[in-house]
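The values are calculated or read from the model by the stated rules, or taken from the named source; none is laboratory data. Since the structure is predicted, the reported quantities are computational estimates derived from the model, not experimental observations. Ideal geometry is used to build each Cβ from the backbone, glycine not excepted, and the neighbour counts take in all protein chains shown.
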Amino acid sequence: MILHLMPNEKFILNFIQSVEDFGDVKKNRFIVRDKNKKIEDPRIEYVGLNDKKLSGIVCSLEKKDQLIIHFLDYQVSKWLSKQNLNATIKWIFYGAEFYKLLNYKDSTFTLFDPLTKQVVDNHEDKNIWWNNFLTPSVKRIYDHQKFDRQLKYIKKFIHKIDSIYHFNPFEVDLINNFFCSKIKFQEFAYTNFHTFVNTKEHADFEETQRPETSSKEEINLLIGNSSSYSNNHLDVFEKVPPSNKINVYSILSYGKKEYCNYLIKKGKNKFGNHFYPITDFYTYEKYFELLDKMDACVMGQNRAQAAGGIFIQLFQGKKIFLKKNNPLYQLLHSIGIEIYRIDLLNLDNLTKNLDLKTKIKNRKILIDKFGGRKLENIYKELF
């Protein structure tokens, strides 16, 4: 049996459907580690993480069975460290569960660039309750103690993790270096690329679509994918070349509300009427329309983030700027995708669109790597 321990999020439905479409769904059991039902689906069981029933289910698994952990966060790490585990453990890696640990323990890595780090350290986006020495200090001590505990929990069972299911081997290398482990990389993607983009409908670019040199009076630039600190919005704002042609869009509908309001204020101060914060939740169709309006996208993360949105924009033929140290940059560069370094961002680079040959090449690589039969075969093999 393959037992999936999953977070209570709506996007797990796409994964479950892919297992049903391409794997053997009868071999798989899907348990959401929460008693509150967000989704009514007969394939999903809801069991609280602290429910003895869940421990009984997991501890009854045999060596031939698999326990697949979707998102290894603090609570799951704590719970797993107390279980008598016989099954082989697989880890479906999301990202957020690891990078804060890396930022805390590895002095060579930082999630936050200088301007963002100042906001995080001084809680500049918070209310007046934080404007004292004691509150941030207590929070910092609490966070450090929590990270220490999480590391202790993970070290109790990490030797039992057989493989990490993920699309990016560079991130698995980071994990293995951090934990001094030898966990295998298993190529995997949470959802099929075709789930989000109808690749048949957009089979070819028209020769006349988006000429190499933009003659538009305005350039639409997307910065970041959420109101989370790891986007380093303020630092990226400073890299945008001064020009009345540039409209800056930022998707802020996900993440911290206080930080969202803070960024809106800073964005308006920096770009005036050329700053467009997106604070509403969009349907997929409306989201794709928004991305298609962009001429380029700049992501300032020091970690891999926003892969789905970046892949969609590459598919749409857009120019993407990432940091060279970002594992996503490393992956895309290694498979031949035309990608740009954020430190080379200038008005000339923004004015020139990708040529038709490059757009077609990027699109073909994406489809071959993350969509179609490739993903179907992976799901058939794993599930």
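Overview of values
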| item | result |
| --- | --- |
| Qualifying residue in region 283-303 (condition: loosely packed, with under 15 Cβ neighbours inside 10 Å and at positive phi) | no |
| Contacts under 8 angstrom Cβ, first residue in region 92-109 being on the phi > 0 side of the Ramachandran plot, partner charged (D, E, K, R) and not in a helix (DSSP H, G or I), 6 or more apart | G95/R303 |
| Neighbours by Cβ (under 6 Å, 6+ apart or cross-chain): first from region 22-37, over 13 Å from K380 (Cα atoms); second part of a loop (DSSP other than H, G, I, E, B) and among the hydrophobic types (A, V, I, L, M, F, W, C) | I31/V47; R33/L49 |
| Matching residues in region 250-260 - criterion: being surrounded by fewer than 19 Cβ atoms within 10 Å (Cβ to Cβ) and in contact (Cβ under 8 Å) with a residue 40 or more places away in the chain | K256, E258 |
| Selected residue (only one of V240, V248 is over 19 Å from N122 (Cβ atoms) and either part of a helix (DSSP H, G or I) or in contact with a Gly (Cβ under 7 Å, 6 or more places away or on another chain) (or both)) | V248 |
| Residues being touching a residue at least 24 places away in the same chain (Cβ under 8 Å), loosely packed, with under 15 Cβ neighbours inside 10 Å and over 13 Å from A87 (Cβ atoms) - total across region 50-72 | 1 |
| Among residues of region 238-258, those that are within 22 Å of A306 (Cα to Cα), out of contact with any Leu (no Cβ under 8 Å at 6 or more places or on another chain) and not polar (S, T, N, Q), counted | 5 |
| Candidates L350, L354, L382, L366, filtered to the one that is in contact (Cβ under 8 Å) with a residue 40 or more places away in the chain, touching a Lys or Arg at 6+ places or on another chain (Cβ under 7 Å), of a type outside the set (V, I, T) and crowded, with 16+ Cβ neighbours inside 10 Å | L354 |
| Complete set of residues in region 155-186 that are crowded, with 16+ Cβ neighbours inside 10 Å and in a strand (DSSP E or B) | I161, S163, I164, Y165, H166, F185, Q186 |
| Selection from region 1-28 of residues that are exposed (fewer than 14 other Cβ atoms within 10 Å of the Cβ) and part of a loop (DSSP other than H, G, I, E, B) | K10, F11, D24 |
| Qualifying residue in region 230-249 (condition: assigned by TED's automatic domain parsing to the domain that holds L347, out of contact with any strand residue (DSSP E or B) (no Cβ under 9 Å at 6 or more places or on another chain), surrounded by 19 or more Cβ atoms within 10 Å (Cβ to Cβ) and among the small types (G, A, S)) | yes |
| Residues (among the small types (G, A, S) and buried (at least 16 other Cβ atoms within 10 Å of the Cβ)) located in region 73-100 | S77, S81, A87, G95 |
| Matching residues, region 252-280, being of a type in the set (S, T, Y), part of a helix (DSSP H, G or I) and over 20 Å from the mean Cα position of the chain (by Cα) | Y262 |
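Conditions tested, residue by residue: (1) at pLDDT 90 or above; (2) under 26 Å from L80 (Cβ atoms); (3) in contact with a helix residue (DSSP H, G or I) (Cβ under 9 Å, 6 or more places away or on another chain); (4) surrounded by fewer than 16 Cβ atoms within 10 Å (Cβ to Cβ).
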position: T108; (1), (2), (3), (4): yes, no, no, yes
position: D113; (1), (2), (3), (4): yes, no, yes, no
position: T116; (1), (2), (3), (4): yes, no, yes, no
position: H123; (1), (2), (3), (4): no, no, yes, no
position: K126; (1), (2), (3), (4): no, no, yes, no
position: W130; (1), (2), (3), (4): no, no, yes, yes
position: P136; (1), (2), (3), (4): no, no, yes, no
position: Q145; (1), (2), (3), (4): yes, yes, no, yes
position: D148; (1), (2), (3), (4): yes, yes, yes, yes
